[in-house]
Amino acid sequence: METPDVLAWRDGYIEALDQTALPHQIRVLRIASVGDLVDAITSLAIRGAPVLGVAGAFGVALAVRQGRREGWDAARLASEIGRVAAARPTAVNLAREVAAITASADLADPASVERAALAVLDTANRVSRDISVRGAAYLRECLRDRLDAPLRVHTHCNTGTLACLGWGTALGVIRALHEDGVLGQVIVDETRPLLQGARLTCWELGQLGIEHRLAADGAAPFLISQGLADAVVVGADRIAANGDVANKIGTYSLALAARRAGIPFVVAAPESTIDEDTPSGAQIPIELRADEEVTTPAAPAGTRALNYAFDITPADLVTAIVTEQRIVEPVSLEINCR
């Protein structure tokens, strides 16, 4: 069966690949209301910072369509668009694209809004390929002394087509290294508690024929300390102006392990993920999700959880941030690419 588009606009509604069903089932959602879109985003059926940006743009188009059907006034339309923007607070792409479409398109003209939203989709596809190629070239140069053997890359969460469209961001870099013939193996963290690495990244790598091994999150720093990775490559949901990085919970420990081992820790993300209005990671809102995601099925009844969906990696642990336009090296580090 051919895999459907991750996200598409079809005749006035959103079609989305339900990422909660993968890898065991391919299920497509038909989303025709703002409420259904917000539910899909908060349940992680639609997820990944760049995909959330496109979903936000489509969400404005959806709200305009629904408002015309149901006779909303301007205040109701603004309120419903605001619901889309606020569905997940950490990933800046969602609110940013909602604001951009709202400001640039004529909300009285559904066709104008839809054209603007589709342009966001086209840009996301192009940007992901540019990030992938640039990031792979950076790592080949960074690790040039190790190219006598296939490279081993450690990654976290899911940053491929499912999260970012096109080739992806961090997983796109890995794919480009594979296409270049220099990649040996990928270590994939399971990514607790919702297992995006185990369910989604392993599925994508398998589809691409890329050798990989799945690891428990808690094992990741030890594996790096044992010399099993030449580099760590991750994505980002928001990057503060000072280079601090918000990404899926568990990323910070990888950055600490990479620093200790003296290997590159590279963040691959679109320019739209860099939030110049947020001075540092301390100002990034971190989503706190339901206890049940952690406590089910093993914990005793009544157990409470600290289920932070993201963590902050300080800029001084980041070797490089690779975007479609540039490579930013927040701090000069004594690591193996120097």
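The values are calculated or read from the model by the stated rules, or taken from the named source; none is laboratory data. All values derive from a computational prediction rather than experimental measurement. Here Cβ is always computed from backbone atoms with ideal geometry, including for glycine, and neighbour counts include all displayed protein chains.
A few points about this structure:
- Scan the stretch 59-95 for residues that are among the hydroxyl-bearing types (Ser, Thr, Tyr) and either assigned by TED's automatic domain parsing to the domain that holds Ile284 or closer than 19 Å to Asp106 by Cα (or both) and the total you get is 1.
- Lone qualifier among Ile187, Ile224 - being hydrophobic (A, V, I, L, M, F, W, C) and either under 27 Å from Ser43 (Cα atoms) or outside the structural domain of Ala309 (by TED's automatic domain parsing) (or both): Ile187
- Evaluating Arg27 against the criteria (1) in contact with a Cys (Cβ under 6 Å, 6 or more places away or on another chain); (2) surrounded by fewer than 16 Cβ atoms within 10 Å (Cβ to Cβ) leaves one unmet condition, (1).
- The condition (being buried (at least 24 other Cβ atoms within 10 Å of the Cβ) and part of a helix (DSSP H, G or I)) is satisfied by just one residue among Ala229, Ala176, Ala198, Ala163: Ala163.
- The single condition among (1) farther than 19 Å from Thr323 by Cα; (2) in contact with a helix residue (DSSP H, G or I) (Cβ under 7 Å, 6 or more places away or on another chain); (3) not aliphatic (A, V, I, L, M) that Arg199 does not meet is (2).
- Residue selected from the stretch 137-155 under the condition over 18 Å from the mean Cα position of the chain (by Cα) and hydrophobic (A, V, I, L, M, F, W, C), by the criterion surrounded by the fewest Cβ atoms within 10 Å (Cβ to Cβ): Ala149
- Subset of the stretch 223-249 [more than 12 Å from the chain's Cα centre (by Cα) and of a type in the set (Asp, Glu)]: Asp230, Asp244
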